[in-house]
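First up is the structure itself, then whatever we jot down about it.
The values are calculated or read from the model by the stated rules, or taken from the named source; none is laboratory data. The shown structure was predicted, so the numbers you read here are calculated from the model rather than taken from an experiment. Please note that ligands, DNA and RNA were not included when accessible areas were found on the heavy atoms of the full protein model with its side chains. Shrake-Rupley method; radii C 1.70, N 1.55, O 1.52, S 1.80 Å.
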Amino acid sequence: MKALFAAALLLGGFGQAFADIPGIDALPVSTIFVASSGMWEREAAEDTAKSPQTTDKGAASRPEPTRGYYKVVAMRQPDGTAKIYLQQIAYTANGPALVETLELEEFTQMKAYVTDIRPESSAGASSLPGLFVTVHLKTDPAQKEPDAWTILIDELGDMKIEKASN
């Protein structure tokens with residue numbers, strides 16, 4: 001009986017811990033995989049209609065570039081297949097901010113059953129621009145082994161989605 005009571009207290013504590021995470025309840029339950037990886041950087045566009053930014057000494061300075069990271073998200077559909085989205089997230093003074101979300105139609109057209117999404121490295125943020133993520137999927141739920149597909153974004157921002165060639 002003591003073990004059951006201890007387990008209930010422990011689980012109740014975990015439930016409270018998850019309840020304290022801001023926004024976690026807003027995450028759709030259909031989200032099955034999320035991988036944050038890669039980085040991007042874009043030079044700040046200078047707006048000629050506005051006055052130039054100045055430093056404390058009064059000299060004009062250039063605007064800071066915009067930079068951030070990518071996030072690949074798989075969302076399960078009612079039929080069990082998944083849609084995969086690519087998001088661009090910007091680093092801001094107020095925390096991460098969504099710049100753009102793009103559905104990766106290549107995966108939607110395959111009617112893929114996503115089994116995993118893995119970044120190229122688990123070492124943290126890259127110092128070089130680009131993205132390399134592997135999506136493991138089945139096109140038939142009875143398929144024994146998943147196929148591997150890569151999402152590659154080069155340093156110029158050009159994206160390529162192709163079957164992995166291991």
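Quick check on residue 28: is it assigned to a loop (DSSP other than H, G, I, E, B), modelled with pLDDT of 95 or more and closer than 29 Å to residue 110 by Cα?
No.
What residue, of 68, 38, 13, is open to solvent by less than 60 Å² (accessible area, probe 1.4 Å) and either part of a loop (DSSP other than H, G, I, E, B) or modelled with pLDDT under 90 (or both)?
One residue alone meets the criteria, 13.
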